[in-house]
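Here the structure comes first, spelled out in structure tokens, and everything after it is commentary.
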Amino acid sequence: MSVPDYMQCAEDHQTLLVVVQPVGVVSEENFFRIYKRICSVSQISVRDSQRMLYIRYRHHYPPENNEWGDFQTHRKVVGLVTVTDCRAAKDWPQTLEKFHVQKEIYGSTLYDSRLFVFGLQGEVAEQPRTDVAFYPSYEACPGVEKRIEDFIESLFIVLESKRLDRATDKSGDKVPLLCVPFEKKDFVGLDTDSRGPHHQRHKPRHQRRDRPRQELPEPRGHHREVQGGHLLLRQVQECGSD
């Protein structure tokens, strides 16, 4: 069951929803310090394009609300940013595993994700990764905003590729069935993709096969005659022979 979001407004329909959450034990002060900096990147101009992307951030978003994403796109979580503390290299595998577990919560709709690691230095932090950023401390992290801008552009690339795929798809036979989460159980076991005889695509008039017109039998005691371009049916009096 979804939880009402009283912060929703009409402008949300033009935004991408990104969830920002801590992973592991992170103090509230440190998390919201980074969260405020992330939220400052609320709109960006995409390079090599005249489009503007508007981002909506949430630090708490129930997974049940994400199930409405197919019916209401503005409620779909398309991006995930996580913040974590990791002071020792031996804790890194466990931290990375928690990051993957967090992604699985919104995995059905996620396009991309990022992990911001604070406190870890050394060989692990020097390994280049596109989805992980290492910072020595919460005070010494000058590149957070730039990382978020690159992250938002990656979301745009995924969205644009999906748009182009739909634009070049000429099949037109499979139209997605939009339904709210509690309606999905009603379609279990039903084939919603196939199109039976009652789902025949409407053909233009010039492509329809002409059917021969059936001639109706004339009523007994009547004959046809053409008068003024109209077909008339007149009754004929039958005379019996004496």
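The values are calculated or read from the model by the stated rules, or taken from the named source; none is laboratory data. On a predicted model such as this, the values are computed, not experimentally measured, just so you know. Note that we place each Cβ from the backbone using ideal geometry, even for glycine, and neighbour counts take in every protein chain shown. Heavy atoms of the whole protein, side chains included, go into the accessibility calculation; ligands, DNA and RNA do not. Shrake-Rupley method; radii C 1.70, N 1.55, O 1.52, S 1.80 Å.
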Note: among L80, L155, just one is over 19 Å from P22 (Cα atoms), among the hydrophobic types (A, V, I, L, M, F, W, C) and open to solvent by less than 10 Å² (accessible area, probe 1.4 Å), namely L155
Legend entry - Selection status of Q50, over 19 Å from the mean Cα position of the chain (by Cα) and at pLDDT below 90: yes
(1) touching a Leu at 6+ places or on another chain (Cβ under 9 Å); (2) more than 19 Å from H59 (Cβ to Cβ); (3) open to solvent by 40 Å² or more (accessible area, probe 1.4 Å) all hold for P93 apart from (1)
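Looking at K98, is it open to solvent by 40 Å² or more (accessible area, probe 1.4 Å), of a type in the set (K, R), over 27 Å from the mean Cα position of the chain (by Cα) and farther than 29 Å from Q14 by Cα?
On the way: open to solvent by 40 Å² or more (accessible area, probe 1.4 Å): yes; of a type in the set (K, R): yes; over 27 Å from the mean Cα position of the chain (by Cα): no; farther than 29 Å from Q14 by Cα: yes.
No.
Kindly evaluate V144 against the criterion of being among the β-branched types (V, I, T), in contact with a strand residue (DSSP E or B) (Cβ under 6 Å, 6 or more places away or on another chain), farther than 14 Å from L17 by Cα and surrounded by 17 or more Cβ atoms within 10 Å (Cβ to Cβ).
Details: among the β-branched types (V, I, T): yes; in contact with a strand residue (DSSP E or B) (Cβ under 6 Å, 6 or more places away or on another chain): no; farther than 14 Å from L17 by Cα: yes; surrounded by 17 or more Cβ atoms within 10 Å (Cβ to Cβ): yes.
In short, no.
Kindly state which helices (runs of 4 or more DSSP H) lie completely within the range 75-169 and contain at least 2 residues that are more than 30 Å from R51 (Cα to Cα). First the steps, then the outcome.
Working: elements: 92-105, 123-126, 144-168.
So the answer is 92-105, 123-126.
Only one residue in Y106, Y135 is touching a helix residue (DSSP H, G or I) at 6+ places or on another chain (Cβ under 9 Å), within 28 Å of C9 (Cα to Cα) and either buried (at least 18 other Cβ atoms within 10 Å of the Cβ) or of a type in the set (V, I, T) (or both), so which one is that?
On the way: Y135 fails: within 28 Å of C9 (Cα to Cα).
Of Y106, Y135, the one residue that is touching a helix residue (DSSP H, G or I) at 6+ places or on another chain (Cβ under 9 Å), within 28 Å of C9 (Cα to Cα) and either buried (at least 18 other Cβ atoms within 10 Å of the Cβ) or of a type in the set (V, I, T) (or both) is Y106.
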Notebook entry, point to check: Does Q50 satisfy the criteria of being assigned to a loop (DSSP other than H, G, I, E, B) and open to solvent by 80 Å² or more (accessible area, probe 1.4 Å)?
Noted result: yes
Over the range 14-39, the set of residues touching a residue at least 60 places away in the same chain (Cβ under 8 Å) and surrounded by fewer than 11 Cβ atoms within 10 Å (Cβ to Cβ) is V25
H74: passes all of (1) modelled with pLDDT of 90 or more; (2) open to solvent by less than 60 Å² (accessible area, probe 1.4 Å) but (1)
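Picking from V101, V117, which residue would you name as being among the aliphatic types (A, V, I, L, M) and closer than 15 Å to F31 by Cβ? Write out each step before concluding.
Numbers: V101 fails: closer than 15 Å to F31 by Cβ.
So the residue among V101, V117 that is among the aliphatic types (A, V, I, L, M) and closer than 15 Å to F31 by Cβ is V117.
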When H60 is run through (1) part of a loop (DSSP other than H, G, I, E, B); (2) touching a strand residue (DSSP E or B) at 6+ places or on another chain (Cβ under 9 Å); (3) touching a residue at least 60 places away in the same chain (Cβ under 8 Å); (4) open to solvent by 50 Å² or more (accessible area, probe 1.4 Å), the failure sits at (3)
